[in-house]
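Trainee: Can you read through this structure? Questions will come right after.
Derivation of every value follows stated rules applied to the coordinates shown; laboratory data play no part. The structure presented is a predicted model; accordingly, all values stated were derived computationally and were not measured. Neighbour counts are summed over all protein chains in view; Cβ atoms, including those assigned to glycine, are modelled from backbone coordinates with ideal geometry.
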């Protein structure tokens with residue numbers, strides 16, 4: 001069932017459903033035709049900020065624009081003046097790369113105005129409820145109340161696995177990396193099939209196994225656009241439950257899977273779960289892909305080259321923290337390397 | 001991939017573009033400057049088949 005938006009009120013009600021969360025103080029670009037992405041960014045309030053926003057958007061929109069491309073600019077803010085200036089600035093710049101802006105819509109949550117026509121109206125709860133009901137029928141997940149609540153959904157009870165980590169490390173040290181890799185791949189395959197949440201014991205074992213780069217890479221290699229939903233599910237769960245010392249890997253995997261799925265907002269939220277004292281170059285790669293608006297299909301197209309080049313450049317561009325291993329695929333020796341502390 | 005292959009020092013256009021992927025940690029991106037990009041959104045859900 002399609003929503004088939006027919007009014008500004010309906011469009012405003014539908015935006016959280018396509019974005020995954022309810023935007024606040026934001027500017028959102030919604031295309032009318034396939035080809036361009038939906039993009040959200042914080043509303044710029046100064047001339048310098050407006051230019052900075054365009055600098056960030058110009059790459060993706062120049063690359064993805066096709067003849068006849070057109071979109072709606074939606075500003076959600078109480079600051080109507082900034083919305084009008086920002087949407088006009090953006091529309092002008094988009095015009096320069098061949099993208100027409102057919103709608104410049106502002107809303108403060110209660111009222112809306114279409115800047116191009118001057119048409120105004122009210123946002124009604126009944127419309128929001130009708131749109132929400134329609135999305136339920138499509139099977140789509142309901143949006144988070146805000147971007148903050150989307151981020152909060154990635155934080156769970158981390159104590160149960162924290163208590164099991166010492167035993168998991170002891171067991172891993174008594175095993176062989178290749179055996180742990182095979183177990184991790186098998187457990188991932190089982191998750192793909194049944195979708196059942198890992199037990200605390202299996203979760204601890206998986207997180208310890210991920211510390212061995214060849215194992216993490218084997219699981220990373222398993223990712224494709226076809227199974228990204230399943231990967232998002234398992235890594236969301238382990239990011240929620242993973243203590244600081246082992247969370248960088250699952251959070252980076254979740255960031256990558258989310259990007260592969262096309263969900264930039266969720267990917268950023270995942271990367272924010274990488275502990276700040278544990279730099280992770282996989283996370284850095286995902287961050288760059290997100291900010292540069294790299295399309296997920298590039299993963300399939302350039303998978304090998306990307307990893308190879310990233311591996312070549314990583315040692316030069318990303319400072320290596322003392323005592324911490326790098327984690328770029330392809331930089332490791334052929335033999336398995338045990339996790340630190342083993 | 002055979003890492004022992006002798007590869008040219010020059011990078012292709014694609015490779016040069018991919019160089020941009022190696023950047024600072026995520027924390028270096030100010031949260032208020034980040035782009036939330038949804039690729040290949042379900043526009044039929046929004047507009048029906050009448051875009």
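Trainee: Over chain A, what is the relative contact order in whole percent, taking alpha-carbon pairs under 8 Å and six or more residues apart?
Mentor: Once normalised by length, the contact order is 14 percent.
Trainee: Under 10 Å, Cα contacts only: if you run a Gaussian network model on chain A, which one of A:104, A:278, A:247 comes out with the highest mean-square fluctuation?
Mentor: Answer for the Gaussian network model of chain A: A:278.
Trainee: Continuing with this model, one more query. Radius of gyration and Dmax for the stretch A:11-148's Cα atoms, expressed in Å?
Mentor: Considering the stretch A:11-148 through its Cα atoms, Rg and Dmax are 14.7, 43 Å.
Trainee: At what distance in nm do the modelled label points of residue A:193 and residue A:97 sit from each other, each positioned 7 Å from its Cα along Cα→Cβ?
Mentor: Distance between the two pseudo-spin positions: 4.5 nm.
Trainee: Along the Cα→Cβ direction, 7 angstrom out, place labels at residue A:167 and residue A:25. What is the inter-label distance in nm?
Mentor: Modelled inter-label distance: 4.7 nm.
Trainee: Oh, and also: Hey, in the GNM for chain A with a 10 angstrom Cα cutoff, which one of A:173, A:144, A:287 fluctuates hardest?
Mentor: Fluctuation is largest for A:173.
Trainee: Of the DSSP beta bridges with both residues in the stretch A:68-113, give the percent that are antiparallel, rounding to the nearest 5.
Mentor: In the stretch A:68-113, approximately 20 percent of DSSP beta bridges are antiparallel ones.
Trainee: For the stretch A:8-139, what does the relative contact order come out to in percent, with C-alpha contacts under 8 Å and a separation of six or more?
Mentor: 27
Trainee: Hey, what number do you get for chain A at 222 nm if only DSSP H runs of n ≥ 4 count, each worth -39500 (n - 2.57), divided across all residues, to the nearest 500?
Mentor: On the way: 14 runs with 192 residues, N = 342.
That calculation yields -18000 deg cm²/dmol at 222 nm.
Trainee: Suppose each label sits 7 Å from its Cα in the direction of the beta carbon; what would the residue A:88-residue A:179 distance come out to in nanometres?
Mentor: It works out to 7.1 nm between the two label points.
Trainee: Hey, could you pull the Cα Rg and Dmax for the stretch A:152-317, both in Å?
Mentor: Radius of gyration, then largest Cα-Cα span, for the stretch A:152-317: 15.1, 44 Å.
Trainee: By counting other Cβ atoms within 10 Å of each Cβ, how are A:258, A:230, A:82 ranked from fewest to most?
Mentor: With the fewest neighbours first, A:258, A:230, A:82 line up as A:230, A:82, A:258.
Trainee: With the convex hull built on the Cα atoms of the stretch A:23-97, state its orientation-averaged projected area in nm².
Mentor: Computing the convex hull of the Cα atoms and averaging its projections yields 4.4 nm².
Trainee: Shielding by partners for A:275-287, please: the mean number of other protein chain Cβ atoms within 10 Å of each residue's Cβ.
Mentor: If you average over the peptide's residues, the count of other-chain Cβ atoms is 3.
Trainee: Oh, and also: Take every DSSP beta bridge with both residues inside the stretch A:8-139 and express the antiparallel ones as a percent of the total, to the nearest 5.
Mentor: If I count the DSSP bridges inside the stretch A:8-139, around 70 percent turn out antiparallel.
Trainee: From the mean inverse distance of alpha carbon pairs (Kirkwood) and the Cα radius of gyration, derive Rg over Rh for chain A.
Mentor: Across chain A, the Cα-based Rg/Rh ratio is 1.02.
Trainee: Something else about it: Using only Cα atoms, locate the centre of the stretch A:74-106 and the centre of the stretch A:1-51, then give the distance between them in Å, rounded to an integer.
Mentor: Taking the Cα centre of the stretch A:1-51 as reference, the centre of the stretch A:74-106 is 11 Å away.
Trainee: GNM, chain A, Cα, under 10 Å: largest mean-square fluctuation among A:22, A:266, A:176?
Mentor: Among A:22, A:266, A:176, the largest mean-square fluctuation in the Gaussian network model of chain A belongs to A:176.
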